[in-house]
Amino acid sequence: EKWAVEYETVGFTLGEGIKDTVDINSYTISGLNIGEGIDLYVKSICTGDNNSSGWTAPCSFVALPSGGFGTLVNPYRIGTIQDLDILSKQPSIWSTHFILINDIDASETKTTSTYNNGGLGFSPIGNSTKKFTGTFKGKGHVISNLYINRNQFNVGLFGYVGSGVRID
């Protein structure tokens with residue numbers, strides 16, 4: 001059995017992405033930009049009568065420096081301020097799974113232009129239009145010195161969360 005694979009940045013039109021055909025059950029996408037969201041479609045190509053399945057719904061993911069795939073078995077690993085910043089700015093992955101793998105000193109959310117969002121500090125995970133509905137396991141690690149300077153409700157590491165969310 002062979003598989004047709006198509007992928008590109010989140011929101012691309014099926015038929016206009018990067019295409020490949022493989023005959024294995026695992027697939028590696030190389031050359032991803034850290035923090036870039038990717039949509040992946042897959043369909044089986046059946047042998048014999050040239051039938052094939054339909055395309056799957058897109059599987060969306062983001063490349064994080066510390067790794068992971070956002071699944072329950074292989075959650076996105078949050079180990080740096082860069083990982084945390086990417087998580088806060090990628091609503092497309094807020095329904096997936098995360099694990100904190102280190103203590104993180106988030107003081108750069110106040111002092112570094114890369115992470116302070118023009119003086120507003122950290123951008124909370126989840127908002128009024130897209131709530132966080134995934135899981136986040138801290139595993140006893142600490143995020144310290146997180147700076148937030150926003151004049152609004154629902155401000156913190158998590159802004160808005162959906163029902164049934166698990167944050168340990």
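The values are calculated or read from the model by the stated rules, or taken from the named source; none is laboratory data. Predicted model, so just to flag it, every value in this text is computed and none were measured. Backbone-built Cβ (ideal geometry, glycine too); neighbour counts: all protein chains shown. Just the protein is used for accessible areas: all its heavy atoms, side chains included, with ligands, DNA and RNA removed. Shrake-Rupley method; radii C 1.70, N 1.55, O 1.52, S 1.80 Å.
Applying the condition of being more than 30 Å from S88 (Cα to Cα) and open to solvent by 70 Å² or more (accessible area, probe 1.4 Å) to segment 20-44 and asking which residue is modelled with the highest pLDDT yields T21.
Taken as a whole, segment 59-73 holds no residue that is of a type in the set (G, A, S), modelled with pLDDT of 90 or more and either open to solvent by less than 50 Å² (accessible area, probe 1.4 Å) or closer than 21 Å to I38 by Cα (or both). Please go through segment 141-154 and pick out each residue that is of a type outside the set (S, T, Y), in a loop (DSSP other than H, G, I, E, B) and farther than 19 Å from G68 by Cα. The answer is V142, N145, L146, N149, R150, N151, Q152, F153, N154.
Could you check, for segment 72-94, whether at least one of its residues is among the aliphatic types (A, V, I, L, M) and over 19 Å from the mean Cα position of the chain (by Cα)? No, that holds for no residue. Exactly one residue out of T71, T129 is closer than 22 Å to Y7 by Cβ and outside any strand (DSSP E or B), and it is T71.
Comparison of T13, T56, T9 shows that the only residue that is loosely packed, with under 11 Cβ neighbours inside 10 Å, closer than 27 Å to L87 by Cα and modelled with pLDDT of 75 or more is T13. Answer with yes or no whether L146 is open to solvent by 50 Å² or more (accessible area, probe 1.4 Å) and among the aliphatic types (A, V, I, L, M). Criteria met by L146. Figure legend. Inter-residue proximity from segment 114-139: first residues on the phi > 0 side of the Ramachandran plot and in contact (Cβ under 8 Å) with a residue 24 or more places away in the chain, second residues surrounded by 15 or more Cβ atoms within 10 Å (Cβ to Cβ) and of a type in the set (F, W, Y), beta-carbon distance below 7 Å, spacing 6+ or different chains. Indicated pairs: G121/Y147; G126/W94; G126/F132; G126/F158; G126/Y160.
One residue stands out among those in segment 109-128 that are within 15 Å of N154 (Cβ to Cβ) and not aromatic (F, W, Y): the one that is surrounded by the fewest Cβ atoms within 10 Å (Cβ to Cβ), which is S128. Of all the residues in segment 1-38, those that are touching a Gly at 6+ places or on another chain (Cβ under 7 Å) and not in a loop (DSSP other than H, G, I, E, B) number 4.
With the structure loaded, tell me whether K131 is among the charged types (D, E, K, R), open to solvent by 80 Å² or more (accessible area, probe 1.4 Å) and within 15 Å of the chain's Cα centre (by Cα) or whether it fails that test. Considered against the rule, which asks whether it is among the charged types (D, E, K, R), open to solvent by 80 Å² or more (accessible area, probe 1.4 Å) and within 15 Å of the chain's Cα centre (by Cα), K131 comes out as yes.
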